[in-house]
1. Just the number, please: percent antiparallel of the DSSP beta bridges in chain D, rounded to the nearest 5.
2. Would you calculate the separation in nanometres between label points at B:Ala40 and C:Ser242, each defined as 7 Å from the Cα along the Cα-to-beta-carbon direction?
3. Where the only charges are on Cβ atoms (+1 Lys, Arg; -1 Asp, Glu), what is the dipole of region A:2-165 about its Cα centre, to the nearest 20 debye?
4. For chain D, with only Lys/Arg (+1) and Asp/Glu (-1) charged at the beta-carbon, what is the dipole magnitude about the Cα centre, in debye rounded to 20?
5. Once label points are set 7 Å from the Cα along Cα→Cβ at both A:Gln128 and A:Asn231, what is their separation, rounded to one decimal in nm?
6. Taking amide H atoms as placed 1.01 Å from N in the peptide plane, list the residues 5 or more away in sequence, or in a different chain, whose amide H sits under 5 Å from that of D:Tyr131.
7. Out of D:Leu145, D:Leu284, D:Leu220, any idea which swings most in a Gaussian network model of chain D, alpha carbons joined below 10 Å?
8. Given a Förster distance of 25 Å, report the FRET efficiency between D:Ser59 and D:Glu143 from their Cβ-Cβ distance, rounded to the nearest 0.05.
4 protein chains.
Amino acid sequence: MDLAMVGLGRMGANMAERLVRGGHRVVGHDPSEEAMTKAAEKGIEPSASLAAAIDALPSPRIVWLMVPAGTLVDKLIAELEPLLSKDDIVIDGGNSMYKDSVRRAEALRQHRIHAVDVGTSGGVWGLQEGYSMMVGGETAIVESLKPLFESLAPAADKGWGHVGPNGAGHFTKMVHNGIEYGMMQAYAEGFAIMERKDFDLDLHQIADIWRHGSVVRSWLLDLTADALAKNPSLEGIAPFVSDSGEGRWTVAEAIELDVSAPVITLSLLERLRSREQDSYGDKLLSAMRNEFGGHAIKKG
Amino acid sequence: MDLAMVGLGRMGANMAERLVRGGHRVVGHDPSEEAMTKAAEKGIEPSASLAAAIDALPSPRIVWLMVPAGTLVDKLIAELEPLLSKDDIVIDGGNSMYKDSVRRAEALRQHRIHAVDVGTSGGVWGLQEGYSMMVGGETAIVESLKPLFESLAPAADKGWGHVGPNGAGHFTKMVHNGIEYGMMQAYAEGFAIMERKDFDLDLHQIADIWRHGSVVRSWLLDLTADALAKNPSLEGIAPFVSDSGEGRWTVAEAIELDVSAPVITLSLLERLRSREQDSYGDKLLSAMRNEFGGHAIKKG
Amino acid sequence: MDLAMVGLGRMGANMAERLVRGGHRVVGHDPSEEAMTKAAEKGIEPSASLAAAIDALPSPRIVWLMVPAGTLVDKLIAELEPLLSKDDIVIDGGNSMYKDSVRRAEALRQHRIHAVDVGTSGGVWGLQEGYSMMVGGETAIVESLKPLFESLAPAADKGWGHVGPNGAGHFTKMVHNGIEYGMMQAYAEGFAIMERKDFDLDLHQIADIWRHGSVVRSWLLDLTADALAKNPSLEGIAPFVSDSGEGRWTVAEAIELDVSAPVITLSLLERLRSREQDSYGDKLLSAMRNEFGGHAIKKG
Amino acid sequence: MDLAMVGLGRMGANMAERLVRGGHRVVGHDPSEEAMTKAAEKGIEPSASLAAAIDALPSPRIVWLMVPAGTLVDKLIAELEPLLSKDDIVIDGGNSMYKDSVRRAEALRQHRIHAVDVGTSGGVWGLQEGYSMMVGGETAIVESLKPLFESLAPAADKGWGHVGPNGAGHFTKMVHNGIEYGMMQAYAEGFAIMERKDFDLDLHQIADIWRHGSVVRSWLLDLTADALAKNPSLEGIAPFVSDSGEGRWTVAEAIELDVSAPVITLSLLERLRSREQDSYGDKLLSAMRNEFGGHAIKKG
């Protein structure tokens, strides 16, 4: 198939490359010269503008957006809309908030343009191992894009699926990331307990043992074993954990749906906590203890 | 009544003083010379040894232990046992683990000595405002001690009660402290949220407003307002919160009883967290994110 | 002072009555005939329409809204706007989301109308004990309303204050309610632990003991003691806990501010959990245990 | 090698069978006639008594206990001790509390008998896929047992290791199970969120998509997909989740080590919560809301 890949950062470039390897023709666009040059080396046709990229495609045009979630997606869709025609397809493969995807699909529908939202998992390993994709959109449209998903996935019939209407793809990916937060935190706590214990355990060895035959084996554990092999004491790494939005959305969504999700929620809160260097709440607790019990305050 | 107060630290000395004010005769013993001298100034009769303190009392002897929970209580009871006779009473007013109180009461019963466990709340304010006391023990024995409790309590008929058999007093006090952890953490979180918000709120003012007419008014809030009046920015206070045992016991007890108590539990965990300067778990999370997503690691 | 009270439900009627008792003239409006009749009996001047209520006031007009948060407030402000003139004041004393209050104040400012947001605590007890009020708005405007707050508060100089600009009043009240959730949950857990323990404790007695001299004494504990006095076994009460919005907002705000607030958050989640009669998550856990361990599944 | 397997329940019988397949000679003992008959069919030599089993072995004797954790292990060791001699080896492959394993090893050392603790993961799938084993004990002893571990593990050099001194094996397995609780709860919450959402998602399809290429792929997810394939709506399964001890121990250990492990802890609490049909705490919350706000109580 022919398509335009808009956004040739780490994710977009790798996906475009995997599509090229799958026999597809990919026109690429990115504001960065460097990204464009690199993409060209991988067999992606660089295009200097959005308009030029669209022009280079047969009808119906397929435009795959692979850019950071948020206003940039809205901006690009606004630019694309006059360039596109009836029956063209805009795919958002980034980590957009699913409500935004529902809204955008409705807006594009006014112009008879089809939207598809693809929740994409796999990170930097996707190029080699294939991407897991949860696809939201109209059935006929998703069906028409099947060759793309089959090339991107780990196998033609594995790791991807049409999960529901517009928004359902990003919704499912959002929950996927919420689960990921919980799993990561579970491992992190377990290893922290073992690290503290005076059995002098070799944490890399244990991660490696668990990779085979244990109930907790997983791809995240494989990565943990890798990380511990390289840097067993995690030296030089700050205890500072970022979050990228989807955990927050999952927590908010669970509350909106009246579902109690304590573990996913606490996983997010621990990340916030990791970034509080000087917690006001903890200072106040210390001050309160001093007030009622005369307990000594540790000087800060 | 006549009694011996063993342990004239902050709590023991204040309680002995309040008993003296209530018209009771208090023989006091403490290994610290300074504590003994101070006690004497308050009308407490200093006694150089446990044996001398016991000798100074009419039968049945009443010995009130006010010492740190743990092995010291066992040691003192072992020393007291040969000095005491049938019908004498040993009161443990400290923060003993309630299972220890059950065990000790059974052991003393072999010698026909009566044990009473008194969970005591009130901290440094008890001398002035009276102590809240939850009493565990045999009904007739607790009844016989009524004049003591009436003097120690905020009012003769307020703030104390016989709550159950041996151990029930310390059990109730343990749960009291678990609740205290949860309340303190709730306030701490609320004030931390307000402190972070860019409304430039005066947290002392808000604590003070809430003290009158609001749903969250409480004695802990009064103390919080005091603390914020003295040191609104909590300068010089480390975000480091100690815990003294009863929170842990409450958490363990809840689990033992199959009662889910997330708020009391998380209050304890936040105190542990406040003392982790360099969380291994958070470092591992950061390393994992780097492995799968190529997310930058913050250097530590 | 003269003012219109719009909304004569439980809260509005009580506040209007307390204002009348304080010597103010209150014109009242409510769509319910019954509410209007009752209000008239308390010395409130019933007014058949918003327009009539406004007409009955001297300039600058003061309109106090005491209605459920949400679209009704917007609707009323839209109706009021053409009826009001430069320098008039609209007070929102309900539980509005603080961001709405910021937005509304900005919109009213275009018409030179002043907005004031009053976070009001005290519930059904406010009529008798006075209300705790956190006030947001312009300094001169809030100052001009002082006689109203002095009458509504527990005492002229207690329980109320001007805490910041528009929105700050409702923000502070929102956090107040978040803290309330945490405190309530802490008590609930503690009493649940005591109820489960085989010491056969009298929970009303214990609540009553703690009311005097203990660290956990509070107004919420007073109410708990009342509830347990009336119905010690809580018979006929479903384990089903509603929530009214401000807890959710506090949780969302904490996350937005990157403040970890686990106890307030878990207090909300426990309320959601109380309403899940047939948790899908728990069923799935049971199914998973069966898959890997052959553990028996309990039939549902 | 020659060894006795004591306990031929699901785990013991499967492990003995895998050892027989690996070329080892296994003498088996179990109080159940049926278990003994079945074991004989798999090539295990049934032995009517512990003494007979020991007698059937060459020196040094190797006895592998595979029985429920707790007093039964102590009872069996007490029976074995007079039957064993210097240099014999007792392996505990069950889920014993690690502190018990430390204590037992010390006691056996007085008799010059060696103890080895093997934390064993793999459940009902171990026979076919191999067991993951974390081994605690003296280096030379563990080394001498290598052929057994190589046969039981998924591959000779995969899925097992000598992790530390006596107790370290069971400690590591305990933490493994704590992590398992957290992972399971993370999945359960995520699927519960998706189940509640009105996108009409096919949860089995999504589990299956995620198995390939996604960040959350794992063996537990494979099992979840299996469970959802068989029973997508989880009909007939009660939302009632048991726990088997190691989760509790992990939570207690984390607190003892001053490590905050909120996700593992909350995973346990959710299991407790799943078994509370009629939460006293939630009733009390409802009663409290009624007291201060006049909020309606749902009749129970």
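1. Given both bridge residues lie in chain D, the antiparallel proportion sits at roughly 20 percent.
2. 6.7 nm
3. Computed about the Cα centre, the dipole is about 200 debye.
4. Roughly 240 debye for chain D.
5. Calculated label separation equals 1.9 nm.
6. When sequence neighbours closer than 5 places are left aside, the close amide H contacts are D:Ala153.
7. D:Leu284
8. 0.90
All of the numbers you see were taken from the coordinates with simple rules; none came from a lab. Bear in mind the structure is a predicted one, so any value in this text is a computation, not a measurement. Positions of Cβ are generated from backbone atoms using ideal geometry, with glycine treated the same way; all protein chains shown enter the neighbour counts.
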